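The values are calculated or read from the model by the stated rules, or taken from the named source; none is laboratory data. Here the structure is a predicted model, which is why all the values come from computation and not from measurement. Don't worry about glycine lacking a Cβ; one is built from the backbone with ideal geometry, like all the others, and counts go over all protein chains shown. Heavy atoms of the whole protein, side chains included, go into the accessibility calculation; ligands, DNA and RNA do not. Shrake-Rupley method; radii C 1.70, N 1.55, O 1.52, S 1.80 Å.
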Amino acid sequence: MDFSKATILITGGNSGIGRGVAEALASRGAKVIITGRNAATLAETIAANPTMLGYELDVTNADNVSSFATRVTADHPDLNAVIHNAGIMVIEDVLAEPYNLEIVDRTISTNLLAPIRLTTALLPHLRNKKEAAIVTVSSGLAFVPRTNALTYSASKAAIHSWTQSLRHELRNTNITVVEIAPPLVATDLTPGQSANPQAMPLKAFVSEAVELLCSDETPQEVLVQRVLPQRTAEQTGNFGKVFGMINPS
Ligand SMILES: NC(=O)c1ccc[n+]([C@@H]2O[C@H](COP(=O)([O-])OP(=O)(O)OC[C@H]3O[C@@H](n4cnc5c(N)ncnc54)[C@H](OP(=O)(O)O)[C@@H]3O)[C@@H](O)[C@H]2O)c1
């Protein structure tokens with residue numbers, strides 16, 4: 001799949017990793033369409049990148065997602081790739097009484113249900129293209145969880161599993177399925193994260209990840225060097241060690 005020649009829809013393209021990837025792909029020649037909830041940052045991103053197109057979309061609203069898919073494919077019949085980047089991460093206290101189930105609902109709805117719903121809505125359109133791609137964004141935490149972000153970690157493990165199944169189910173079609181699994185990256189995903197010295201700088205992550213995504217042979221998983229200890233923790237027998245580093249006792 002040549003992403004530099006594709007028309008790519010990126011959810012959450014108004015901030016952090018989504019914006020970085022959108023700008024990098026646009027600079028390689030792709031036509032990029034972004035969505036965001038926040039109208040101000042969406043407008044600001046489009047103003048800074050006049051070749052991009054923007055749509056407001058809250059991905060947790062199932063009806064909106066369905067009507068959005070109809071609208072965006074009518075507006076851009078050449079659309080042939082989607083990157084399901086929009087996501088949230090909320091730290092939870094499982095011992096709180098009551099435990100906040102609203103966070104659980106919102107996290108599963110944003111990180112898991114939304115990509116599934118949008119994929120389903122776009123699939124008939126994508127199947128009619130010569131070549132197409134569906135890209136999910138999981139996390140290193142899909143492979144070794146962060147225990148105080150238990151629903152987030154579970155949602156990312158679930159999207160990893162779903163992506164594996166989708167890839168196999170679409171193996172005889174025109175559609176390539178890719179998973180991007182970022183490590184900790186300096187964005188505003190959680191409060192203070194963009195200033196965390198342990199986080200991979202956003203620019204470095206975007207540059208390495210987009211280089212991998214645009215390789216001659218499209219990888220099934222986009223894994224920057226920093227995420228490999230998490231991604232391979234089970235196979236290398238290092239799960240306990242990495243778990244302990246992420247979740248100090
Ligand atoms: N940063 C990391 O360390 C890291 C690590 C692994 C995986 N990831 C994943 O990478 C993706 C991007 O995260 P990020 O780090 O770039 O964080 P970010 O800067 O907070 O970006 C998150 C994006 O998701 C959008 N979004 C959230 N809820 C939405 C909703 N209900 N409807 C529509 N858009 C929504 C936000 O849009 P608005 O601003 O308009 O709300 C924003 O554009 C996420 O899937 C995240 O889980 C990040």
Check: Which percent of the accessible area of the range 149-249 is formed by carbon and sulfur heavy atoms (probe 1.4 angstrom)?
Finding: 52 percent
Item checked: At most 10 other Cβ within 10 Å, DSSP loop - trypsin sites (Lys or Arg not before Pro), the range 148-249 -> 171
Next item on the list: Can you work out the accessible area per residue across the range 38-120, with the rest of the protein chains kept in place, probe 1.4 Å, in square angstrom?
Entry: 51 Å²
Check: the range 97-122 to the range 216-249: how many Å between their Cα centroids?
Finding: 24 Å
Notebook entry, point to check: Going by the alpha-carbon gyration tensor, a ≥ b ≥ c the square roots of its eigenvalues, is the range 4-121 rounded (a/c under 1.5) or, if a/c is not under 1.5, prolate (a/b greater than b/c) versus oblate?
Noted result: prolate
Next item on the list: Collect residues whose amide H, placed 1.01 Å from N in the peptide plane, falls under 5 Å from the amide H of residue 186; neighbours closer than 5 in sequence don't count.
Entry: 200, 202
Notebook entry, point to check: What residues qualify as long-range amide H neighbours of residue 85, i.e. H under 5 Å apart, gap of 5 or more or another chain, H built at 1.01 Å from N?
Noted result: 11
Note to self: On a 1.4 Å probe surface of the protein chains, which of 122, 141 comes out largest in accessible area, and what is the full order?
What the structure shows: 141, 122
Check: Could you give the angle, 0 to 90 degrees to the nearest 10, between helix 150-169's Cα long axis and the longest principal axis of the Cα atoms of the chain?
Finding: 40 degrees
Item checked: Accessible area of the range 156-249 divided out per residue, in Å², using a probe of 1.4 angstrom -> 56 Å²
Next item on the list: Take the eigenvalues of the Cα gyration tensor for the range 3-246, scale each by 5, and report the square roots as semi-axes in whole Å, largest first.
Entry: 27, 20, 19
Check: Given just the C-alpha atoms of the range 21-70, how large is their convex hull per residue in cubic angstrom?
Finding: 75 Å³
Next item on the list: Compute, for residue 207, the solvent-accessible surface of its heavy atoms (probe 1.4 Å) with the complete set of protein chains present, and express it in square angstrom to the nearest 10.
Entry: 70 Å²
Check: Given H placed on each backbone N at 1.01 Å, which residues far from residue 133 in sequence or on other chains put an amide H within less than 5 Å of it?
Finding: 81, 82, 176
Note to self: Can you return the lysines within cross-link range of residue 156? Criterion is Cα-Cα under 21 Å, with same-chain partners fewer than 8 residues away left out.
What the structure shows: 241
Notebook entry, point to check: In degrees, nearest 10, range 0 to 90: what is the angle between the Cα axis of helix 202-213 and the longest Cα principal axis of the chain?
Noted result: 60 degrees
